[in-house]
Structures are given as C-alpha cells and as structure tokens.
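Colleague: Before I ask anything, let me first share the structure, which is written out below as structure tokens.
The values are calculated or read from the model by the stated rules, or taken from the named source; none is laboratory data. What you are looking at is a predicted structure, and each value in this text was computed from that prediction instead of being measured. Ideal geometry is used to build each Cβ from the backbone, glycine not excepted, and the neighbour counts take in all protein chains shown.
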Ligand code: ADP
Ligand code: ZN
Ligand code: ZN
C-alpha cells in the first residue's frame with residue numbers, strides 16, 4: 001500500500017499566529033529542526049525551521065518545499081518544545097520566538113530561492129616549524145637575521161603559535177620564514193574559549209551549614225523538585241553552585257547559569273574560570289553576531305564536551321545537550337522578564353519549563369526571593385533551602401533610619417541630606433573608607449507628598465500610589481485610569497503643604513561636591529556608564545580606593561564587593577515605596593536589603609542610613625529587622641486582599657496609534673469586547689505617564705484572571721478578540737501588544 005503524501009509544518013520568521021504546512025517532495029530528507037526554503041504569497045520566499053512532519057493533508061492547496069538543507073539541524077527537539085511553550089504561554093507568534101531564539105547570522109534572509117549562508121567562522125593563521133627541515137642547521141643559518149632568528153626560536157620553543165601571539169614588528173619575519181619554507185601556516189577557527197593555563201582549584205570545601213544545605217538540595221533534586229535557595233548575601237550560595245555544577249559537568253552534562261544582567265557577570269566569571277576554565281561559554285547581548293553563531297553551532301554538535309553557559313535571559317534559547325542543571329541566580333530580579341519586545345518571556349519561568357523538558361534539576365537562588373517563588377516554596381511546589389549565616393563571620397550592620405521631615409522642620413537638613421547622613425559621610429571619608437549612596441532614578445513620574453505628615457495619595461481601588469501629571473495638574477491611577485484633581489489638603493492631617501516629589505542622581509552628585517569639596521565623588525548610572533570602558537573605570541576606581549563616594553542608581557546595588565565600603569545610604573526610600581506598582585513594596589525591600597548589604601562585607605562593622613519621611617513604614621521596619629518573612633507575610637496579605645499575583649494572573653495590553661482618534665476609538669471597542677467576556681476583571685484604559693512615544697499615542701489595559709479560572713481558555717478568547725479587532729478596516733493600523741505576567 002502506498003503511504004499518503006508527506007507534509008511538514010514550517011516555522012517562518014513572521015508575526016503570524018500559526019505554522020504553515022508544505023508538501024515534502026519525494027527524495028527530500030528533512031528532519032525536525034532542519035532548515036528549508038518555502039514560497040509564500042506571490043514570488044516571496046522564506047527560510048524556516050521544520051516544526052512537525054506528518055501525513056495529514058491540509059484542506060487547502062499546499063505548495064512544496066523548494067530547498068532543503070540536509071547538512072544538519074538548527075533546532076533540537078527540546079528547543080522546539082520550549083519555543084512552542086513560550087509561544088503559547090506568552091501569546092506570541094511562534095515565528096517571533098524563532099526570530100529571537102536563533103542568532104541573526106544563522107537566519108537566512110528573506111526573499112531568496114537559495115539557501116545562502118550569512119555566517120562564516122572567523123579564522124586565524126597558526127604557525128609551526130616545517131617538520132621536514134633540520135632545526136639546528138636552520139637556526140645557525142638564521143643567526144645573522146635578528147628578527148627571523150627570534151621568531152624561529154619562539155616557534156621551536158612553543159611548537160605552534162597563533163598569529164596574534166606575535167608582535168606587530170615580528171610579522172614581516174614570519175612572512176619571510178614561511179616563504180623560505182622553514183615554517184608552515186595553517187588556517188584554523190579562532191579559539192574563543194576562556195583559556196586558563198591550569199585549572200588548579202579544588203572544589204571549595206563547604207562549611208557545616210553549607211554542606212547541610214547541599215545535601216538537602218541533592219535530596220530535593222532526586223525527587224525532581226525545583227529548589228529555592230534563600231541565602232543571605234555572603235552566605236556562600238555561589239560556592240554551593242560551584243560544587244553542584246562540577247557534579248554535572250563530570251557526568252558529561254551541560255549546565256546553564258542564568259544571571260539577570262551582564263553587569264554582574266565579570267566578577268562571577270573570574271570565580272568560575274578557576275574551576276571550569278574553557279568549558280565556560282559566556283552569552284549576552286554585548287557579544288557580536290559572529291560569536292553568537294559560533295557558540296550556537298558549537299553547542300549543536302552532539303559529541304562535544306559538556307559546557308557551562310553563563311548568560312542572561314536569551315541563553316535559555318541555546319541548543320543544550322543532555323542538560324543537567326540550571327542555576328537561576330538573583331531569581332527575584334525583574335530583568336529576567338522581557339517586557340518591551342515579543343516574545344515577552346520571563347527567563348526564570350521559562351527555565352523552570354526547560355528543566356521539565358529535559359527532566360532535570362533547577363535551583364533558584366536569592367537573598368530576597370520574589371513573593372511568587374517563595375509562595376511556591378511555601379506551597380511545596382518548590383523545596384525551600386535556607387542559609388542564614390554569612391561565611392565571613394556575622395557582621396552587624398547598624399541601621400540609622402533618618403526622618404527627613406523631622407530633620408527639615410528642625411533645620412537639620414541641607415538640600416537632600418539630613419545632618420545624620422552628612423555626619424556619617426564625613427566620618428567615613430575621614431577614616432579613608434568609602435561610601436555608596438543610592439538614589440532610585442525612576443523619578444520621571446513623581447508622586448505628591450504631604451510635607452507635614454509624609455503621606456502620599458493612593459488609588460482607593462488598586463492600592464497603588466497615584467501619579468502626578470504635570471501637564472494637566474491631576475493625579476492618575478496607573479492601573480485603572482482613575483483621575484483625581486490634586487487635593488488642596490492632606491486627607492490625613494489636613495495640611496495644605498502638598499508638593500510633587502522626585503530628584504535624581506545627577507543633582508545628588510552636584511550637591512555632594514559642594515558639601516564635600518575635598519572628596520573624590522563618582523557617579524554610576526546609565527548616563528555615566530554608557531560603555532564597557534567607562535563601566536570598568538568606575539569599578540576600578542572604587543576597587544583601588546581612588547573614589548571616596550559613589551552615587552548611583554540600581555547599578556550600584558548588584559553583586560559588587562568592595563572591601564572598603566563601610567557606609568551605604570538610601571537617599572529617598574519613599575521614592576521607591578511610592579512608585580505606582582503593586583510590586584513597589586516588595587521591590588523596595590529587595591533593593592534596600594541589597595544596598596544596605598553593600599556596607600561592611602568582610603568582618604568590618606558597617607553603617608546603613610535610610611532617609612525617609614515614613615520611618616514607621618512597615619517595609620522600612622522590615623529592612624531594619626532583616627525580616628524577610630515579615631515582608632513576605634504582609635505583602636501576601638495585601639496581594640490577597642487586592643487580588644494580585646500569586647492569587648491571580650495578569651495580562652497587560654498596550655494599544656498604540658499615531659492618530660489619537662483611532663486610538664481612543666480602538667480603546668473603546670477593545671474595552672467593550674473584552675468587558676463583554678471578562679467584566680470587571682479588565683482595568684483601563686489608562687493613559688501612562690508618558691503617553692506619546694515616537695509620535696505614537698499609547699493607552700494601556702490590565703486584565704486580572706483568578707487562579708481558579710482557566711488561563712488557557714482566557715488566552716484563546718483574547719487572541720480571538722484581538723484578531724477580530726485587528727481585522728476591522730478602521731483598526732488596521734492599531735497595534736495591540738500583549739504582555740503575560742508583566743513585571
Ligand atoms: P553569596 O553568593 O551567597 O553572596 P558567596 O558565595 O559570594 O556568597 O560567598 C561570600 C564570600 O565567602 C566569598 O568571598 C566566598 O569566596 C567566601 N566563601 C563562602 N563559602 C566559602 C567556603 N566554603 N570556603 C571558602 N570561602 C567561602
Ligand atoms: Zn498630611
Ligand atoms: Zn486604580
């Protein structure tokens with residue numbers, strides 16, 4: 001009996017909802033994950049990836065695959081499974097996941113009938129002595145030519161050397177020797193691995209407490225449960241990871257070590273290189289396209305040595321082989337979520353899925369776990385392992401909660417600094433120690449504050465602070481869009497002294513310079529550290545002690561260890577706690593713990609100053625008491641009461657158009673369609689603080705779906721409605737971006 005015809009579903013690099021089915025001509029030997037070129041529309045050709053092979057003839061007339069690349073596959077079975085999950089869960093076309101997952105030079109460009117490769121390995125020349133010559137004889141002969149003799153002896157001593165190992169002045173001599181036939185040159189692929197002359201270090205010996213945790217982790221792994229490692233800063237989480245990683249690498253299994261951003265990779269890589277040397281692959285956005293493609297192809301080889309990938313979120317897309325372990329460091333970090341472009345995925349959550357796909361182990365670590373992860377641990381979805389002690393003794397941080405309102409009433413404040421903080425800075429620098437001052441710069445959307453009692457204004461429906469809009473002098477809820485005029489009097493104390501708040505790092509730096517003219521002051525934020533060179537200079541000036549005071553944003557909080565920092569200060573804690581986001585309190589706690597933890601890393605005594613107008617604010621008290629549990633419990637209660645994750649799931653929608661009328665009309669139709677199904681679960685439209693970007697007007701919606709309701713059912717309905725709106729002629733130009741689990 002003749003089998004029915006063979007078909008393949010192909011992922012094309014386009015924003016279309018489904019895969020397309022093509023006929024596989026006789027004699028084509030395609031496989032899952034291989035590359036093919038197919039026609040689409042009139043005279044258009046695309047290169048895609050084979051997603052599924054089957055014999056179910058579609059109801060429509062199918063075209064045939066034109067070209068097939070049978071040399072090897074470009075995506076493994078596990079990768080295709082992950083892409084499919086990301087596409088479904090984050091409501092993103094599979095083609096866009098494919099576009100994000102494959103390095104750009106491996107994606108063949110659009111309208112071509114031939115598979116033309118954009119990618120070529122970078123090569124170098126490798127020189128060695130011609131084995132056919134008599135070394136002693138030639139060496140003698142060359143004595144009279146200084147350079148040639150020097151180069152020849154170098155090669156005799158080393159066997160073979162790559163071109164970049166020679167001085168520029170030696171290159172002509174190399175050419176002459178090659179011409180004479182004394183040495184030979186071979187072209188070879190450039191070696192990108194981290195070279196370590198000797199990987200000397202033995203695995204770090206764990207302390208009793210660390211060993212206890214290590215055993216607990218192994219036990220949970222044997223039960224196939226993800227582990228949440230909650231360990232205070234400096235407790236040795238990294239040492240535990242190193243011990244774990246080693247076990248998998250020796251078994252010939254790959255390891256993925258995820259970090260939230262590049263900035264913190266360098267110190268870690270230096271540490272890991274001592275143990276794992278050339279098995280380390282570094283993967284992040286600053287790595288150029290050629291190297292990305294090289295890494296991808298190297299990892300696709302199936303008989304290779306196992307590797308450890310240290311990378312940011314996009315490294316979940318690499319072709320792992322026999323993946324054994326995933327480490328998600330700083331798991332609470334919001335950077336794991338890609339919010340701005342599709343696929344809007346969370347790499348931490350995708351990593352949990354990746355571990356399931358490989359039926360393997362994953363450990364999430366943090367000093368201040370996210371509410372969601374800790375909740376999973378409390379509910380036994382993850383197993384919880386805790387490390388409560390620092391390795392280098394217990395160094396107490398002395399907290400000073402500095403009340404800015406009281407200080408300013410008593411005249412004990414100079415611009416943004418209380419006299420308490422000024423005194424601490426003064427004594428720190430006179431003892432030749434260093435200070436780190438933190439100012440959250442997300443101040444473009446200030447809030448208003450009562451200058452008498454320090455209270456701010458919250459939306460009564462959403463429990464988030466309302467944003468001050470300068471242009472139309474009103475308060476707006478960033479979540480539900482509720483608008484209120486600016487109150488004349490404080491609702492709590494009746495004072496009429498109400499002001500918009502917010503200031504940034506640049507202003508702080510300026511003021512510090514006039515307060516401490518003798519001190520060396522540096523600033524660390526996106527404006528001063530625009531490239532790697534500036535970035536490294538700021539860090540090395542801190543390390544060498546050249547800088548006395550470092551002012552910065554979020555960037556100063558992450559993973560740097562400077563031994564001489566004895567003072568850390570938060571200039572405006574209110575600014576953090578009052579941003580219009582239901583996660584503001586949790587984030588505020590995490591950031592404040594991180595900043596204050598910068599002071600006194602080694603046995604030295606450290607001081608942390610927190611300037612606030614709300615010294616009794618629960619989060620401030622929790623920070624001072626080092627009370628993660630307290631923060632977790634109170635936040636969980638709030639989330640329950642006002643229905644936020646982990647008690648519901650969120651989907652946010654951003655509508656954009658150049659024409660305000662079309663946008664408003666679109667928002668109206670969108671609201672009507674979705675409310676018809678979801679009712680009050682849909683919040684909005686909300687006009688964001690920045691309501692026009694690159695000439696496009698913006699409005700936003702937020703949808704809350706209870707945990708008990710079917711999420712996939714809701715997503716299906718949403719996709720249908722959004723597609724329906726987009727098909728209407730009036731709304732052809734309206735863009736609707738969907739963000740599942742927004743951060
Ligand atoms: P964390 O990752 O939890 O912040 P680290 O792993 O960076 O903690 O440990 C903090 C410091 O203590 C590091 O300098 C580390 O080398 C040292 N340390 C931790 N545990 C050990 C150990 N078992 N043996 C030697 N040094 C350790
Ligand atoms: Zn008041
Ligand atoms: Zn509201």
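Yes/no matrix, rows are residues, columns are (1) over 25 Å from the mean Cα position of the chain (by Cα); (2) farther than 20 Å from residue 575 by Cα; (3) within 16 Å of ligand 1 (Cβ to nearest atom):
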{"site": "482", "(1), (2), (3)": "yes, yes, no"}
{"site": "486", "(1), (2), (3)": "yes, no, no"}
{"site": "505", "(1), (2), (3)": "no, no, no"}
{"site": "517", "(1), (2), (3)": "yes, yes, no"}
{"site": "532", "(1), (2), (3)": "no, yes, no"}
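Colleague: I would also like to ask the following. Using the structure shown, decide if residue 649 is within 16 Å of ligand 3 (Cβ to nearest atom), in contact (Cβ under 8 Å) with a residue 12 or more places away in the chain and touching a helix residue (DSSP H, G or I) at 6+ places or on another chain (Cβ under 9 Å).
Modeller: no
Colleague: Right, residue 227: touching a helix residue (DSSP H, G or I) at 6+ places or on another chain (Cβ under 6 Å) and either within 16 Å of ligand 2 (Cβ to nearest atom) or closer than 22 Å to residue 358 by Cα (or both) or not?
Modeller: yes
Colleague: Answer yes or no: is there a residue in segment 54-72 that is surrounded by 15 or more Cβ atoms within 10 Å (Cβ to Cβ) and under 32 Å from the mean Cα position of the chain (by Cα).
Modeller: No, segment 54-72 has no match at all.
Colleague: Residues of segment 496-514 being assigned to a helix (DSSP H, G or I) and either closer than 29 Å to residue 469 by Cβ or in contact with a strand residue (DSSP E or B) (Cβ under 7 Å, 6 or more places away or on another chain) (or both), which ones?
Modeller: Within segment 496-514, the subset assigned to a helix (DSSP H, G or I) is 505-514.
Listed by number, the residues that qualify are 505, 506, 507, 508, 509, 510, 511, 512, 513.
Colleague: Can you name every residue in segment 589-642 that is in contact with a helix residue (DSSP H, G or I) (Cβ under 9 Å, 6 or more places away or on another chain) and within 16 Å of ligand 3 (Cβ to nearest atom)?
Modeller: Scanning segment 589-642 gives 638, 639.
Colleague: Turning to a different aspect of this structure: Given the residues 180, 225, 218, 144, which is the only one that is more than 30 Å from residue 308 (Cβ to Cβ) and at pLDDT 90 or above?
Modeller: Step by step, each of 180, 225, 218, 144 is checked, and only 180 is more than 30 Å from residue 308 (Cβ to Cβ) and at pLDDT 90 or above.
Colleague: Would you confirm whether or not segment 520-536 contains a residue that is in contact with a helix residue (DSSP H, G or I) (Cβ under 7 Å, 6 or more places away or on another chain), in contact (Cβ under 8 Å) with a residue 24 or more places away in the chain, part of a loop (DSSP other than H, G, I, E, B) and at positive phi?
Modeller: The answer is no, given that none of the residues of segment 520-536 is in contact with a helix residue (DSSP H, G or I) (Cβ under 7 Å, 6 or more places away or on another chain), in contact (Cβ under 8 Å) with a residue 24 or more places away in the chain, part of a loop (DSSP other than H, G, I, E, B) and at positive phi.
Colleague: Taking the options 698, 687, name whichever one is buried (at least 18 other Cβ atoms within 10 Å of the Cβ), without any contact (Cβ under 8 Å) to a residue 60 or more places away in the chain and out of contact with any helix residue (DSSP H, G or I) (no Cβ under 7 Å at 6 or more places or on another chain).
Modeller: Criteria check complete, one pass: 698.
Colleague: If you don't mind, another one. Which one of these is farther than 30 Å from residue 171 by Cβ, buried (at least 21 other Cβ atoms within 10 Å of the Cβ) and modelled with pLDDT under 90: 82, 108? Before you say what the answer is, go through the steps one by one.
Modeller: Numbers: 82 fails: modelled with pLDDT under 90.
Just one listed residue meets the conditions, 108.
Colleague: Do we have any residue at all in segment 553-563 that's touching a strand residue (DSSP E or B) at 6+ places or on another chain (Cβ under 6 Å), within 29 Å of residue 430 (Cβ to Cβ) and surrounded by 15 or more Cβ atoms within 10 Å (Cβ to Cβ)? It would help to see each step written out before you state the result.
Modeller: Here is the first cut: in segment 553-563, the residues touching a strand residue (DSSP E or B) at 6+ places or on another chain (Cβ under 6 Å) are 555-556.
Cutting the leftovers down to within 29 Å of residue 430 (Cβ to Cβ) gives us 555-556.
Applying the additional criterion that residues be surrounded by 15 or more Cβ atoms within 10 Å (Cβ to Cβ) yields 555-556.
Yes, because at least one residue in segment 553-563 is touching a strand residue (DSSP E or B) at 6+ places or on another chain (Cβ under 6 Å), within 29 Å of residue 430 (Cβ to Cβ) and surrounded by 15 or more Cβ atoms within 10 Å (Cβ to Cβ).
Colleague: Condition (residue is over 30 Å from residue 20 (Cβ atoms) and at pLDDT 90 or above) applied to segment 119-127: is it met by at least one residue?
Modeller: yes
Colleague: If you don't mind, there's one more thing I want to ask. Of these, 278, 261, which one is within 19 Å of the chain's Cα centre (by Cα) and modelled with pLDDT under 90? Spell out how you get there, then give the answer.
Modeller: On the way: 278 fails: within 19 Å of the chain's Cα centre (by Cα).
Going through 278, 261 in turn, the sole match is 261.
To keep it simple, each residue is scored yes or no on (1) away from ligand 2 (no atom under 16 Å from the Cβ); (2) at pLDDT 80 or above; (3) touching a strand residue (DSSP E or B) at 6+ places or on another chain (Cβ under 7 Å).
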{"residue": "410", "(1), (2), (3)": "yes, yes, no"}
{"residue": "417", "(1), (2), (3)": "yes, yes, no"}
{"residue": "425", "(1), (2), (3)": "yes, yes, yes"}
{"residue": "430", "(1), (2), (3)": "yes, yes, no"}
{"residue": "438", "(1), (2), (3)": "yes, yes, yes"}
{"residue": "441", "(1), (2), (3)": "yes, no, no"}
{"residue": "450", "(1), (2), (3)": "no, yes, yes"}
{"residue": "465", "(1), (2), (3)": "no, no, yes"}
{"residue": "481", "(1), (2), (3)": "yes, no, yes"}
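Colleague: Moving on to the next point. When you scan segment 506-520, do you find a residue that is away from ligand 3 (no atom under 16 Å from the Cβ) and over 22 Å from residue 435 (Cα atoms), even just one?
Modeller: No: zero hits.
Residues are listed down the side, and each one gets a yes or a no for (1) in a strand (DSSP E or B); (2) in contact with a helix residue (DSSP H, G or I) (Cβ under 6 Å, 6 or more places away or on another chain); (3) on the phi < 0 side of the Ramachandran plot:
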| residue | (1), (2), (3) |
| --- | --- |
| 462 | no, no, yes |
| 468 | yes, no, yes |
| 490 | no, no, yes |
| 494 | no, no, no |
| 540 | no, no, yes |
| 546 | no, no, yes |
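Colleague: Pull up segment 469-491, narrow it to residues that are away from ligand 3 (no atom under 15 Å from the Cβ) and surrounded by 12 or more Cβ atoms within 10 Å (Cβ to Cβ), then point me to the one that is farthest from residue 582 (Cα to Cα).
Modeller: Only one residue tops the list, namely 489.
Colleague: A follow-up question, please. Could you tell me whether segment 729-743 includes any residue that is under 24 Å from residue 469 (Cα atoms), part of a loop (DSSP other than H, G, I, E, B) and in contact with a helix residue (DSSP H, G or I) (Cβ under 6 Å, 6 or more places away or on another chain)? Outline the logic, then answer.
Modeller: Step one: list which residues in segment 729-743 are under 24 Å from residue 469 (Cα atoms), which gives 742-743.
In the following step, the residues that additionally are part of a loop (DSSP other than H, G, I, E, B) were identified as 742-743.
Checking which are in contact with a helix residue (DSSP H, G or I) (Cβ under 6 Å, 6 or more places away or on another chain) leaves us with 743.
Yes - at least one qualifying residue is present in segment 729-743.
Condition check ((1) under 35 Å from the mean Cα position of the chain (by Cα); (2) crowded, with 17+ Cβ neighbours inside 10 Å; (3) in contact (Cβ under 8 Å) with a residue 24 or more places away in the chain) across all residues:
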{"site": "396", "(1), (2), (3)": "yes, no, yes"}
{"site": "403", "(1), (2), (3)": "yes, yes, yes"}
{"site": "415", "(1), (2), (3)": "no, no, yes"}
{"site": "419", "(1), (2), (3)": "no, no, no"}
{"site": "430", "(1), (2), (3)": "no, no, no"}
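Colleague: Checking the condition touching a strand residue (DSSP E or B) at 6+ places or on another chain (Cβ under 9 Å) and at pLDDT 95 or above, which residue from 397, 401 passes? Break it down into steps so the answer makes sense when it comes.
Modeller: Working: 397 fails: at pLDDT 95 or above.
Criteria check complete, one pass: 401.
Colleague: A follow-up question, please. How many residues are more than 13 Å from residue 571 (Cα to Cα) and within 16 Å of ligand 1 (Cβ to nearest atom) when one looks only at segment 583-632?
Modeller: Adding up the residues that qualify gives 14.
Colleague: Something else about it: Residue check: is residue 347 in contact with a helix residue (DSSP H, G or I) (Cβ under 6 Å, 6 or more places away or on another chain) and either without any contact (Cβ under 8 Å) to a residue 12 or more places away in the chain or more than 30 Å from residue 573 (Cβ to Cβ) (or both)?
Modeller: The answer is no for residue 347.
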